[in-house]
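Remarks on the structure that follows.
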Amino acid sequence: MVDGGAERRNGKRNGSQDRTQDGSRTRSADRAYDIVLYGATGFVGVLTAEYLAEHAPKGLRWALAGRSLPKLKQLRDRLAAERPELANLPVLQADADDPKALREIAGDARVVATTVGPYITYGQDLVAACAEAGTDYLDLSGEPEFVDLTYVRQDARARETGARLVHACGFDSVPHDLGVYFTVGQLPEDVPLRINGYVSSNGRFSGGTFSSVLTGFSRGREMAAAARDRRQYEPRPFDRRAYAPIGRPHFSGEVMAWGVPLPTIDPQVVQRSARALARYGPDFRYGHYAAVRRLPVVVGGAAGLGALFAAAQVPPARRWLGDRLQPGQGPDKARRDRSWFSVRFVGEGGGQRVYTEVAGGDPGYDETAKMFAEAAMCLALDELPAAAGQVTPAVAMGDALTARLQAAGITFRVAARR
């Protein structure tokens, strides 16, 4: 269902779009919307909508989408109270389990950006619709199982239609993926490179992120099976190597903190960027760590993570934990305003060493919404390298998204060279 005076265009769809020689689609004006924000009424969805309302350039054709038409209209009214020009912002109703409605949204959009997770539960029909329609797709998924299943099921079709399928476009994994991309650019070319990333933050989980973590912890066997299936299909470069192994806890003199391996999707994303981009050199290795100042915190954090993993294996305990912080919930603005993140990178290669940093404000909400919205506008508006299929943020948007985020207040800097 469409509301807001927008007329669905019944003209060309994916089969009639122009193609570049590598199969990726060129920019076209045959879609009703440049960007559709799906899941707009969730916690991060609202923040993303507010960011787009404030920062979208004049003439950008965007729409709100989700399950509840009344909630979408309420959000539109809130946005229009500050910006009357948004009074007729289109709202599109579609349930995550309604493939027909999702296909209509994908067919009408150049970019669909979805905040609806856990993605393994709610995301598969939408990403399939985008792959079929040749529509660029963005999500906030930090779920390896979902990302691997999407590759196996949708990558080939997306390459045929020219769709870019870009996962992990929030704090997972933009600062880490683009931070490594930025650091590689400071080091010599065509030499082995070693980079370690150290993450610090005082931000809090959102309800949606917590739900995704619980889901992931409870699906260990399914996650391993999806990874095995992906390895059977995914080619690797024959003349280069790129790895992101799980490291060991250690004290880093460079950042004056304990480095604790982070079992997140971020190193997988970095590894895939390195395998796709020759600039990462003939032999690339990345380590991903939490930077923790005090050793007792390291021990306590490991124990807490182990307890959460164990509880997630028991359905009643998992449901109880899920009820404590549900999707759509998150901290208030005052708490978010006090939050920050910093990712420090130590890179070396060709006899050189460089220290870089990516830093910003509240990682799980405000900055995630900023990264997500800027990525959507980047795909919709910017001149980008030819790409199609499942690709990482660095591969799809590299320099263009880095420049957008710098202009939006996220720091990318070289701290020192040796």
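The values are calculated or read from the model by the stated rules, or taken from the named source; none is laboratory data. Because the structure is predicted, anything quoted here is derived from the model rather than measured. Reconstructed Cβ throughout: ideal geometry from the backbone, glycine too, with neighbour counts over all protein chains shown. With ligands, DNA and RNA removed, areas are computed over all heavy atoms of the protein, side chains included. Shrake-Rupley method; radii C 1.70, N 1.55, O 1.52, S 1.80 Å.
Being open to solvent by 80 Å² or more (accessible area, probe 1.4 Å) and not in a helix (DSSP H, G or I) is the filter here, so list the residues in region 48-88 that pass it.
Hits for region 48-88 are 58, 67, 88.
Restricted to region 216-240, and to residues that are basic (Lys, Arg) and either at pLDDT below 90 or touching a Phe, Trp or Tyr at 6+ places or on another chain (Cβ under 7 Å) (or both), which residue is least open to solvent (accessible area, probe 1.4 Å)?
Of region 216-240, the ones basic (Lys, Arg) are 219, 221, 228, 230-231, 236, 240.
Then drop every residue that is not either at pLDDT below 90 or touching a Phe, Trp or Tyr at 6+ places or on another chain (Cβ under 7 Å) (or both), which leaves 219, 221, 230, 236.
Values: 219: 69, 221: 207, 230: 10, 236: 141 Å².
Looking at the filtered set, the residue picked out is 230.
For a quick check of your reading of the model, give me the residue pairs whose first member lies in region 234-261 and is free of Cβ contacts under 8 Å to residues at least 12 places away in the same chain, whose second is open to solvent by 50 Å² or more (accessible area, probe 1.4 Å) and assigned to a strand (DSSP E or B), with beta-carbon atoms closer than 7 Å and at least 6 apart or on different chains.
From residues that are free of Cβ contacts under 8 Å to residues at least 12 places away in the same chain, the pairs are 251/258.
Quick check, is residue 27 closer than 24 Å to residue 157 by Cβ and either at pLDDT 95 or above or surrounded by fewer than 21 Cβ atoms within 10 Å (Cβ to Cβ) (or both)? Steps first, answer last, please.
Details: closer than 24 Å to residue 157 by Cβ: yes; either at pLDDT 95 or above or surrounded by fewer than 21 Cβ atoms within 10 Å (Cβ to Cβ) (or both): yes.
Yes: the conditions hold for residue 27.
Please state which one of 148, 155, 95, 125 is in a helix (DSSP H, G or I) and in contact with a Lys or Arg (Cβ under 7 Å, 6 or more places away or on another chain). Let's see the steps before the verdict.
Details: 155 fails: in contact with a Lys or Arg (Cβ under 7 Å, 6 or more places away or on another chain); 95 fails: in a helix (DSSP H, G or I); 125 fails: in contact with a Lys or Arg (Cβ under 7 Å, 6 or more places away or on another chain).
The match here is 148.
Quickly run through region 338-395 and pick out the residues that are of a type in the set (Asp, Glu) and in contact with a Leu (Cβ under 7 Å, 6 or more places away or on another chain).
In the first step, residues of region 338-395 are kept if they are of a type in the set (Asp, Glu); the result is 348, 357, 362, 366-367, 374, 382-383.
The answer is 366, 374.
Any chance you could count how many residues in region 89-145 are open to solvent by 10 Å² or more (accessible area, probe 1.4 Å), within 21 Å of residue 50 (Cα to Cα) and of a type in the set (S, T, N, Q)?
The number of residues fulfilling the criteria is 2.
Return yes when residue 204 is over 24 Å from residue 292 (Cα atoms), at pLDDT below 95 and surrounded by fewer than 24 Cβ atoms within 10 Å (Cβ to Cβ) and no when it is not.
On the way: over 24 Å from residue 292 (Cα atoms): no; at pLDDT below 95: yes; surrounded by fewer than 24 Cβ atoms within 10 Å (Cβ to Cβ): yes.
So residue 204 fails the test.
Across region 334-365, which residue is most open to solvent (accessible area, probe 1.4 Å) among those that are assigned to a strand (DSSP E or B) and polar (S, T, N, Q)? Give the steps one after another, and end with the answer.
First, the residues of region 334-365 that are assigned to a strand (DSSP E or B): 341-349, 352-360.
Then keep just the ones that are polar (S, T, N, Q); that gives 342, 352, 356.
Values: 342: 13, 352: 85, 356: 4 Å².
It comes out as 352.
Is it fair to say residue 117 is of a type outside the set (S, T, N, Q) and touching a Pro at 6+ places or on another chain (Cβ under 9 Å)?
Details: of a type outside the set (S, T, N, Q): yes; touching a Pro at 6+ places or on another chain (Cβ under 9 Å): yes.
When the stated conditions are applied, residue 117 passes them.
I want to confirm something. Restricting to region 170-198 and keeping residues that are modelled with pLDDT under 95 and open to solvent by 10 Å² or more (accessible area, probe 1.4 Å), which single residue is nearest to residue 239 (Cα to Cα)?
Checked region 170-198; the qualifying residue nearest to residue 239 (Cα to Cα) is 172.
Tell me yes or no: at least one residue of region 65-85 is small (Gly, Ala, Ser) and free of Cβ contacts under 8 Å to residues at least 12 places away in the same chain.
Quick first cut of region 65-85, residues small (Gly, Ala, Ser) only: 65-66, 68, 80-81.
Still in the list and also free of Cβ contacts under 8 Å to residues at least 12 places away in the same chain: 80-81.
Checked region 65-85: at least one residue is small (Gly, Ala, Ser) and free of Cβ contacts under 8 Å to residues at least 12 places away in the same chain.
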